[in-house]
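Laboratory data are not the source of any read-out in this text; all were calculated from the coordinates shown. If you're wondering where the values come from, they're calculated on a predicted model, not measured in any experiment.
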Amino acid sequence: MLVAAGVALYKGWKIHTGTQAWLAYGLGVAALGLAIWHLTRQADGRQA
């Protein structure tokens with residue numbers, strides 16, 4: 001997910017303007033958020 005976030009943010013930076021750039025930025029931020037969530041959650045996956 002970190003790679004996907006990097007690619008999406010890079011594509012948004014390259015496009016730089018317009019709706020597609022904002023979509024790429026949004027997808028990059030979402031992928032980065034999911035990657036951080038995945039790396040910080042409990043290993044066993046069970047919640048009490």
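Once the Cα atoms are used to define both axes, helix 2-15 deviates from the longest principal axis of the chain by about 20 degrees.
Seen against the Cα atoms of the chain and their longest principal axis, helix 19-40 is set at about 20 degrees.
Convex hull of alpha carbon positions in the chain: directionally averaged projected area 3.7 nm².
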